[in-house]
Amino acid sequence: KSCCVAGNCNLEVQERDLQETVELLAERLGLPPPSPWSEDARLPWVPLEHPLAEVENKLRYGGSCDRCGSPLRMPIVTPCGHTLCTDCLQPSPHCCPLANCGRPYRMQPVDDPARKKNNPNPKWEVPHEVIEWQPAYAQRG
């Protein structure tokens with residue numbers, strides 16, 4: 001089976017990556033971590049009353065972009081807990097693009113030794129959390 005070339009893919013989030021993303025967000029935002037995910041956990045596993053339940057739901061099932069309202073095909077979660085489409089994230093590489101937020105991202109500098117392992121000559125700093133905190137997706141089937 002392969003992806004549909006019309007732009008829709010039958011993808012599912014990788015559970016362990018999703019758990020790590022939600023735990024990192026909870027820590028960054030000073031929220032209590034949700035109960036740990038386990039193989040026999042019911043989905044969604046973040047309790048509905050937890051502030052990050054909507055983030056888990058959007059990363060798992062999709063939803064709409066917090067900025068423009070477009071359907072999220074590949075949601076991107078920001079370190080401040082917003083879910084955005086790539087079009088809304090791209091013009092704002094240093095901070096959250098939502099007008100009522102604007103929280104700065106933690107940038108990974110060009111001279112960071114960890115970064116030089118994978119890129120010996122980086123040209124600009126990057127929003128480390130935005131890049132590293134995204135869960136992986138795999139094709140269903």
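General observations
- The GluC sites (Glu not before Pro) of the stretch 45-141 that DSSP puts in a loop, and whose beta carbon has at most 10 other beta carbons within 10 Å, are 49.
- Comparing 86, 78, 21 in a Gaussian network model of the chain (Cα springs below 10 Å), the most mobile by mean-square fluctuation is 86.
- Here is the size of the stretch 23-125 from its Cα atoms: Rg then Dmax, 15.8, 45 Å.
- The chymotrypsin sites (Phe, Trp or Tyr not before Pro) found in the stretch 39-107 include none that occupy coil by DSSP while having at most 10 further C-beta atoms within 10 Å.
- Degrees between helix 15-29 axis and first principal axis of the chain (Cα, 0 to 90, nearest 10): 60
- For the chain, averaging the sequence separation of C-alpha pairs within contact (under 8 Å, six or more residues apart) and dividing by the residue count gives a relative contact order of 27 percent.
- Of the trypsin sites (Lys or Arg not before Pro) found in the stretch 34-141, those that fall in a DSSP loop while having at most 14 other beta-carbon atoms within 10 Å are 42, 73, 106, 123, 140.
No value in this document is a laboratory result; all are computed from the given coordinates. Fair warning: this is a prediction, and the values are worked out from it, not measured in the lab. A quick note on method: Cβ atoms are made from the backbone with ideal geometry, for glycine too, and the neighbour counts reach across all protein chains shown.
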